[in-house]
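S.K.: Pasting a structure below so you can have a look.
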Amino acid sequence: MDRARYDAFVKTFFECDPVAVTDVFREFLAAMAAEEALPPGHHMSQNYDTAQANPEIHLLPGNLKDARDAIFPYFWGTDGWSSKLHLENVRGPANYASLIGAIACLLKNPNLCTDSYSQRSNELEVKAITALANLVFYHTQDPWGVFTIGGTISNMYGAKIGIEKVLPVAMRKGLQGQTVTGICSEAAHYCATTISGWLGIGTENLHEIPTDAALAIRLDLLAAKLDELYQRGSKVAFVIATFGTTDAFGIDDVAAIRKLVDEKAAQYGVPAPQLHADAAVGWGICFLNEYDFERNLLQLSPDLKPVLARIHQMCAGLQFADSVTLDFHKTGRGHYPSSAFIVNRKDDLKYLARSKDDTPYFPEADSRRDPALFTLETSRPGLGPYMVMASLNGIGLQGWQMLMSRSLELAHYLKQRLDKLDYCMVLNEETVGSNVVFWVLPKGRNAKQIFAALEAGTLPPEDAQRYMAEVHRLFSKRERALDPALDARLSFTTGIGYRPHGHDLPAWKAVFFNPKTDEGVIDRLIYSIEELV
């Protein structure tokens, strides 16, 4: 081998050249700054056939600018969601403290499987998990957990612990013909169905319980379903309580569910199911747990006082969950992936444990701390804890309270504006988050009367179908007419999770995640609705 050529190659790609790296990074930052001054862009043309036919792997070694050139068109063609007009979903721009954490992690590239591969980065994960656990579990005594690749995987951890609790041989011997079931609400994230299929209990053994108008699981129907399942000999492995539904921010009463599942398990003499809280979307309101509205240091609107009182009550219920999922890349405005799975009591991780004989690559693994002995992944990046701790401490508690309360203020303002329009109807008036789902009907319709008739069961099916079609048609009409420089980007859902008399409720959706969004964006939205209908 030509050693001089090889040494030059190694120097280019495996030795830190601060000037070369920061020059390239500065160019990306310049592109980001330029993008922030622009309205949301339309999707650029995508040609998957060309991408597959021309992978374009260069023959000769190049340099870092060649690396930049290979990806820059795709970087520029990807929206950073930095515009204040982005209201589509639980997605917003990542904060720059998170970027600092991500850069630090990527420079060292730890694998969080064992101390040997991560060293103090493993310690940082424990610190980050404990900080989040204290926030959502009210200073629990012995929490533990890990960062995963997404909320679905985090929820899967909770479900798997439940299976092992009710069928202790499942990890090694499978379900052995036993009927194992899970429960969630009809407003829960569809990943519950995915998890049931992937874990082998079968999607047909996931039972979805209707919600009330506040998008919370109906406790009476949950009790009836538990009776039904236990009476026919099914093993109920998990109940997933949703803490902030994706569309309408519905929150289940976790404390009441805890009481109910424990009572039913004792009544039938069986192990209690794992009560897992999917707080991927809603966990961020826990930053407001200890906000003192009497002092009101942030000068929040008086309208938010009853909202915060309800938030305090709802958040207090999380301490009764066995485990929780939270996505820092949602409410935490962090980078992907930064999902966390946290157990209220470390001892519950024994249900996922493997022995050293099962992990021959890690003979040094210590069961007291090394996640490789219980995690699904073997290779697990350190991005989550780095981004979380950088963000938590860079922004600070009052900063997080400002972010969360501003979202609540804007959601409340939109609900107020819509309530004044007879042909509009807010569908999640009773929820406390940053999401607003609503109907827009043609002028002359009384949306509130129509909705009341739908809930009462007196609305003829053909009328219901016509009104639902009008809601979708007007949304599509606004999409075609909107000015991309002025009009907010909304999204549409075919069903918010509340199904009065079996009717799915389609809705327009606005989600206030972007910290730059202001009242002017809402005023323009209302104007566009008034002009539309």
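What follows is calculated from the coordinates using simple rules that are stated; it is not laboratory data. Bear in mind the structure is a predicted one, so any value in this text is a computation, not a measurement. Positions of Cβ are backbone-derived with ideal geometry, glycine not excepted, and every protein chain shown enters the neighbour counts.
S.K.: In a shell of Cβ-Cβ distance under 15 Å around His412, excluding His412 itself, what net charge do Lys and Arg (+1) and Asp and Glu (-1) give? Present the calculation step by step, with values, prior to reporting the outcome.
M.R.: On the way: positive: Lys305, Arg310, Arg406, Lys415, Arg417, Lys420; negative: Asp303, Glu409, Asp419, Glu429, Glu430, Asp518, Glu519, Asp523.
Counting the neighbours of His412, the net charge comes to -2.
S.K.: For q = 0.10, 0.11 Å⁻¹, what log10 I(q)/I(0) does region 406-532 give under the Debye formula with an equal point scatterer on each alpha carbon and no solvent?
M.R.: The calculated log intensity ratios at q = 0.10, 0.11 Å⁻¹ are -0.30, -0.36.
S.K.: Would you compute, for the Cα atoms of region 149-246, the largest minus smallest coordinate along each principal axis and list the three values in descending order, in whole Å?
M.R.: 42, 37, 19
S.K.: Roughly how many debye, to the nearest 20, is the charge dipole of region 406-532 about its Cα centre, given +1 on each Lys and Arg Cβ, -1 on each Asp and Glu Cβ, and no other charges? Could you put the intermediate results ahead of the total?
M.R.: Values: 17 positive and 18 negative charges, 44 e Å.
It works out to roughly 220 debye.
S.K.: Here is a follow-up. Can you pull out the chymotrypsin sites (Phe, Trp or Tyr not before Pro) in region 261-299 whose DSSP state is coil and whose Cβ has at most 12 other Cβ atoms within 10 Å? Please list the in-between numbers first.
M.R.: Working: sites: Tyr268, Trp283, Phe287, Tyr291, Phe293; in loops: Tyr291, Phe293.
Counting only loop positions with at most 12 other Cβ atoms within 10 Å, none of the chymotrypsin sites (Phe, Trp or Tyr not before Pro) in region 261-299 qualifies.
S.K.: If you wrap a convex hull around the C-alpha atoms of region 354-418 and split its volume per residue, what is the figure in Å³?
M.R.: On the way: hull volume 9.5 nm³, N = 65.
Per-residue hull volume (Cα only) is 146 Å³.
S.K.: Using only the alpha-carbon atoms of region 448-509 as identical scatterers, what base-10 log of I(q)/I(0) does the Debye formula give at q = 0.23 Å⁻¹?
M.R.: Log10 of I(q)/I(0), two decimals: -0.95.
S.K.: Just going by the charge dipole of the chain, with Lys and Arg at +1 and Asp and Glu at -1 on Cβ, which of Thr458, Ala272, Tyr413 is farthest out on the positive end?
M.R.: Towards the positive end, the residue furthest out is Ala272.
S.K.: Now for a separate question. Ranking Ser121, Ser301, Ser83 by Cβ neighbours within 10 Å, fewest first, what do you get?
M.R.: Ser301, Ser121, Ser83
S.K.: Positive end of the charge dipole of region 338-399 (Lys, Arg +1 and Asp, Glu -1 on Cβ, about the Cα centre): tell me which of Thr359, Gly394, Ser379 has its Cα farthest that way.
M.R.: Gly394
S.K.: Could you tell me how far the Cα centroid of region 338-352 sits from the Cα centroid of region 477-517, in Å?
M.R.: 35 Å
S.K.: Only Lys, Arg, Asp and Glu count, each charged at its Cβ (+1, +1, -1, -1), so figure out the dipole size of the chain about its Cα centre, rounded to 20 debye.
M.R.: On the way: 52 positive and 64 negative charges, 91 e Å.
Here the size comes out at about 440 debye.
S.K.: Let me ask something else. Two-decimal Rg/Rh of region 3-77 from alpha-carbon positions, Kirkwood Rh?
M.R.: Here the Rg-to-Rh quotient is 1.07.
S.K.: Just to confirm my numbers, what's the Cα centroid distance between region 136-154 and region 353-394 in Å?
M.R.: 13 Å
S.K.: Something else now. Determine the equivalent ellipsoid of region 103-400 by diagonalising the alpha-carbon gyration tensor, then write out the semi-axes as square roots of 5 times the eigenvalues, largest first, rounded to whole Å. Don't jump to the answer; show the numbers that get you there.
M.R.: On the way: eigenvalues 170, 160, 42 Å².
Three semi-axes, in Å: 29, 28, 14.
S.K.: Moving on. Below 18 Å, Cα to Cα, which lysines can Lys448 reach? Residues fewer than 8 away in the same chain don't count.
M.R.: List returned: Lys415, Lys420, Lys509.
S.K.: Going through the DSSP H helices of the chain, which span 24 Å or more along their own axis at the Cα atoms while scoring at least -1.0 as a mean Kyte-Doolittle hydropathy?
M.R.: Working: long enough: 18-36 (26 Å, 0.64); 120-137 (25 Å, 0.48); 383-419 (43 Å, 0.11); 461-481 (30 Å, -1.34).
Counting only whole DSSP H runs, the qualifying helices are 18-36, 120-137, 383-419.
S.K.: As a footprinting exposure proxy, order Val436, Val270 by other Cβ within 10 Å, with the fewest listed first. Walk me through the numbers before you get to the answer.
M.R.: Values: Val436 29, Val270 16.
Ascending Cβ contact count within 10 Å gives the list Val270, Val436.
S.K.: Let me ask something additional. Rounded to a whole number of µm²/s, how large is the Stokes-Einstein D of region 226-339 at 25 °C and 0.890 mPa s, given Rh as the Kirkwood radius over C-alpha pairs?
M.R.: On the way: Rh = 15.8 Å.
Reported coefficient: 155 µm²/s.
S.K.: How would the chain be classified by its alpha-carbon gyration tensor: rounded, prolate or oblate, with rounded meaning a/c under 1.5 and the a/b versus b/c comparison settling the rest? If you can, show how the numbers build up before the last one.
M.R.: On the way: a/c = 1.71, a/b = 1.12, b/c = 1.53.
Note, shape of the chain comes out oblate.
S.K.: Another question, if that's okay. Fewest to most neighbouring Cβ within 10 Å: what's the order for Phe147, Phe72? Don't skip to the end; give the middle numbers.
M.R.: Details: Phe147 30, Phe72 15.
Placing the least packed residue first, the sequence is Phe72, Phe147.
S.K.: Could I ask something else about it? Among the listed pairs Lys305/Lys330; Lys259/Lys356; Lys127/Lys173, give every one whose C-alpha distance is greater than 30 Å. Don't jump to the answer; show the numbers that get you there.
M.R.: Working: Lys305/Lys330 24 Å; Lys259/Lys356 38 Å; Lys127/Lys173 35 Å.
Pairs exceeding 30 Å: Lys259/Lys356; Lys127/Lys173.
S.K.: Further, regarding this structure: What is the distance in Å between the Cα centres of region 413-456 and region 68-110?
M.R.: 35 Å
S.K.: Within region 258-348, report the trypsin sites (Lys or Arg not before Pro) that DSSP leaves as loop and that have at most 10 other Cβ atoms within 10 Å. Mind dumping the intermediate values first?
M.R.: Values: sites: Arg258, Lys259, Lys264, Arg295, Arg310, Lys330, Arg333, Arg345, Lys346; in loops: Arg295, Lys330, Arg333.
Sparse-neighbourhood loop trypsin sites (Lys or Arg not before Pro): Arg295.
S.K.: Could you give me D for region 475-532, from Stokes-Einstein at 20 °C and 1.002 mPa s, where the hydrodynamic radius is the Kirkwood radius over C-alpha pairs? Units µm² s⁻¹, please.
M.R.: Values: Rh = 12.9 Å.
Answer from the Stokes-Einstein relation: 166 µm²/s.
S.K.: What percent do you get for the relative contact order of the chain when only Cα pairs under 8 Å and 6+ apart count? Working shown, then result.
M.R.: Numbers: 918 pairs, mean separation 109.0, N = 533.
Dividing the mean separation by the residue count of the chain yields 20 percent.
S.K.: Using only alpha carbon positions, build the gyration tensor of region 326-453, then give the equivalent ellipsoid semi-axes as the square roots of 5 times its eigenvalues, largest first, whole angstrom.
M.R.: Details: eigenvalues 437, 72, 27 Å².
Ellipsoid semi-axes (Å, largest first): 47, 19, 12.
S.K.: About its Cα centre, what dipole magnitude does region 3-77 give when the only charges are +1 on Lys and Arg Cβ and -1 on Asp and Glu Cβ, stated in debye to the nearest 20? Kindly include the intermediate steps, with their values, before the conclusion.
M.R.: Working: 6 positive and 11 negative charges, 53 e Å.
The calculation lands at about 260 debye.
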